[in-house]
Amino acid sequence: MLVLAAALFLSAGSLFWQAWVYLAVFLVCTLFITVYLIKYDPKLLARRLKAGPAVNQGSQPNSQLRKANDMTEADYMAKLKDFEGETDYMYLDSRGNVTIGVGILLASAAAAKSAGITFKNRKTGKAATPAEIEKDYGSVKAVPKGMKESKYEKYTELVATGGLDARLEKELSQAKSDAKSYFPDFDKLPDGTQWALVDMAFNLGGTGLKKYAKMKAALEKAVKSKAMEDWETAAKESHRNGIQSSRNDAIYDWIAGGR
């Protein structure tokens with residue numbers, strides 16, 4: 001701002017009023033745009049603050065984007081555990097669903113009993129009966145949602161002793177299938193974008209993922225154009241409500257790095 005003012009006044013050799021009007025309009029517009037981006041698109045603002053030839057033209061590849069596009073299943077599983085946490089007792093997720101392990105949804109007490117997960121009573125050490133599993137499920141379901149996973153432990157009597165890994169593999173396999181169903185050209189997507197869709201399918205389910213029609217259209221365009229702005233548009237459409245901002249930010253980066 002000071003440089004602009006100096007350029008205007010020094011070149012004119014006087015403090016002419018037109019320059020003051022120009023500076024005032026420029027300042028108001030700049031403040032408006034900044035406030036808008038802070039509220040509605042802080043990640044775009046962050047990228048613009050880092051603007052330069054390397055960022056805008058990709059002359060120096062970003063290590064984070066390279067890492068996302070080289071992502072393996074092991075890499076994703078590590079991130080999934082960061083996103084979901086990992087417990088051996090039942091708790092409520094952010095939406096109030098009874099969950100266990102690494103984000104394994106238990107839709108009902110019956111589902112908890114038939115999920116292939118074995119439990120034992122924390123106090124007696126004995127294998128849990130179906131009635132005990134149903135009781136634990138009901139106890140957790142009655143507790144308010146929105147607490148940290150660790151806060152739910154005191155409402156439970158059971159701990160899982162087996163079956164969590166196998167169940168997680170099954171859930172992840174379903175998420176992959178749902179992601180491929182959502183985007184038929186799934187195999188044409190970069191690794192990071194593929195895992196972003198798998199993560200959304202894991203979290204939302206196949207039906208929930210299909211609601212992201214704008215993201216699908218943007219991805220179709222990005223696959224054809226290879227343009228950075230199209231990947232960024234798709235990334236912006238991936239935003240989910242009800243999850244931590246760090247997870248939304250990670251998925252944004254995985255998709256935006258598709259170029």
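Taken about its Cα centre, the stretch 84-162 carries a charge dipole of about 240 debye when Lys and Arg each add +1 at the Cβ and Asp and Glu each add -1 at the Cβ. Relative contact order of the stretch 84-162, taken over Cα pairs closer than 8 Å and 6 or more residues apart, is 39 percent. When the P(r) of the stretch 84-162 is calculated, the portion above 16 Å amounts to 40% of the C-alpha pairs. Per-residue Karplus couplings for the stretch 99-111, computed as 6.51 cos²θ - 1.76 cosθ + 1.60 with θ equal to phi - 60°, are listed in order as 9, 8, x, 9, x, 7, 6, 10, 5, 7, 4, 4, 5 Hz, Gly and Pro entered as x. In this structure, the amide hydrogen of Leu158, modeled 1.01 Å from its nitrogen in the peptide plane, lies closer than 5 angstrom to those of Arg122, counting only residues at least 5 positions away or on a different chain.
In the structure displayed, which of Lys180/Lys214; Lys148/Lys214; Lys79/Lys120; Lys79/Lys210; Lys79/Lys135; Lys180/Lys211 lie more than 26 Å apart, Cα to Cα?
Lys148/Lys214; Lys79/Lys120; Lys79/Lys135
Note on Ala213 and Glu134: their simple-model spin labels are 4.2 nm apart, each label 7 Å out from Cα toward Cβ.
Considering the stretch 149-228, its Cα convex hull presents a mean projected area of 7.3 nm².
Amide hydrogen proximity for Gly85: with H placed 1.01 Å from N in the peptide plane, no residue at 5 or more positions away or on another chain lies under 5 Å. Using the Cβ atoms and a cut-off under 9 Å, what net charge is assigned to the surroundings of Met215, where Lys and Arg are +1 and Asp and Glu are -1? Within the 9 Å Cβ shell, the charges total +2.
Coordinate-derived values only; no laboratory data. Keep in mind it's a predicted model, so treat the numbers as computed, not measured. Here Cβ is always computed from backbone atoms with ideal geometry, including for glycine, and neighbour counts include all displayed protein chains.
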